[in-house]
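One structure is given here, and the rest of the page talks about it.
The values are calculated or read from the model by the stated rules, or taken from the named source; none is laboratory data. Remember, predicted model here, so these are calculated numbers, not experimental data. Glycine also receives a Cβ, built like all others from the backbone with ideal geometry; neighbour counts cover every protein chain displayed.
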Amino acid sequence: MADRIMKVNAYTTLDLLDGEAEGHGFEEDAYAVVNVTSPRKNPDHVSLQLELDNTQLEHLQPHADKVRLTPEEARELAADLEKHAEKVEANED
């Protein structure tokens, strides 16, 4: 991804995923990067970041989305991801 907003390196959680953007009157597909971090000093939240490859987008300006999660919210998200991963795996079997 050229002209990235997020730093992507060997420690990035997930890179080169299939991503989608949907808006009023458009849908676009692009590679995506997802990263989970917390501050190194005095961690007080968990950050979940998402960026679509802007070289593949026609309708969106280059940007990255980020949400700040409390530890409880991060665990709730992780549990929901696990639940849906198990559901998909069970369907594949």
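Quick notes on this structure:
- The one condition in (1) in contact with a Gly (Cβ under 8 Å, 6 or more places away or on another chain); (2) farther than 21 Å from residue 68 by Cα; (3) without any contact (Cβ under 8 Å) to a residue 24 or more places away in the chain that residue 32 fails to fulfil: (2)
- The stretch 64-93 residues that are closer than 17 Å to residue 34 by Cα, paired with ones that are among the acidic types (Asp, Glu) (beta carbon under 8 Å, 6 or more apart): 64/51; 65/51
- Set 7, 66: member being surrounded by 10 or more Cβ atoms within 10 Å (Cβ to Cβ) and assigned to a loop (DSSP other than H, G, I, E, B): 7
- Answer residue from the stretch 41-58, given it is surrounded by 14 or more Cβ atoms within 10 Å (Cβ to Cβ) and either among the charged types (D, E, K, R) or within 20 Å of residue 74 (Cα to Cα) (or both) and is modelled with the lowest pLDDT among those: 53
- Qualifying positions in the stretch 25-40 - surrounded by 11 or more Cβ atoms within 10 Å (Cβ to Cβ), small (Gly, Ala, Ser) and farther than 17 Å from residue 9 by Cβ: 30
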